[in-house]
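This report concerns only the one structure given below.
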Amino acid sequence: MKQNYSDKMRETIAQYKEGGCCTVVALACSLDWSFGKAHRHMAKHGRKPRKGVTLTQAVVSLADAVDKSNKQAHRIESAEGLTIGRFARENPKGVFYVLVNRHALAIVDGVMQDWTANTAGRRKILNCYKIEG
């Protein structure tokens, strides 16, 4: 099941009574995992319920998740400093895990998978990983 940020994702987040779960949503969308699987994975890496994680925790948990999924993540240094909107327009194909200041999201085939998708386009990318495999 391809996970994306849709009404179903909103319902799932509500069932978990979650908030501050952008890294969970980004992980689920970028690795084709269910929200529950991504939620359990992030908890194993120190994420507390209704709390965010540090940039380091997000990167370490992504590396472990990619390894468990038999996929590869390549850091895209040229994306750093670009806005999310520009990056999405310039990369219409592919799956990306994107970290910005205090937030994470997935971009899948040029579409932001996030609840801030309508307003996040001007935020500057801190780290970006292309997921392949």
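The values are calculated or read from the model by the stated rules, or taken from the named source; none is laboratory data. Predicted model only: the values in this text are computed from it and were never measured. When we count neighbours, we look across all protein chains shown, and the Cβ atoms used for this are built from the backbone with ideal geometry, even at glycine.
Tabulated data
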| quantity | calculated |
| --- | --- |
| Residue list for the stretch 11-45, restricted to those being over 19 Å from G133 (Cβ atoms) and in contact (Cβ under 8 Å) with a residue 40 or more places away in the chain | C22, T23, V25 |
| Qualifying residue in the stretch 64-74 (condition: part of a strand (DSSP E or B), over 17 Å from Y5 (Cβ atoms) and either at pLDDT below 95 or among the hydrophobic types (A, V, I, L, M, F, W, C) (or both)) | yes |
| Counted residues, the stretch 90-121 - those being loosely packed, with under 15 Cβ neighbours inside 10 Å and at pLDDT 90 or above | 9 |
| Among (1) at negative phi; (2) out of contact with any helix residue (DSSP H, G or I) (no Cβ under 7 Å at 6 or more places or on another chain); (3) in contact (Cβ under 8 Å) with a residue 24 or more places away in the chain, the one test that R102 misses | (1) |
| Given (1) part of a helix (DSSP H, G or I); (2) over 14 Å from the mean Cα position of the chain (by Cα), number of the condition Q57 does not satisfy | (2) |
| D67, sole failed condition from (1) within 12 Å of the chain's Cα centre (by Cα); (2) exposed (fewer than 12 other Cβ atoms within 10 Å of the Cβ); (3) not small (G, A, S) | (1) |
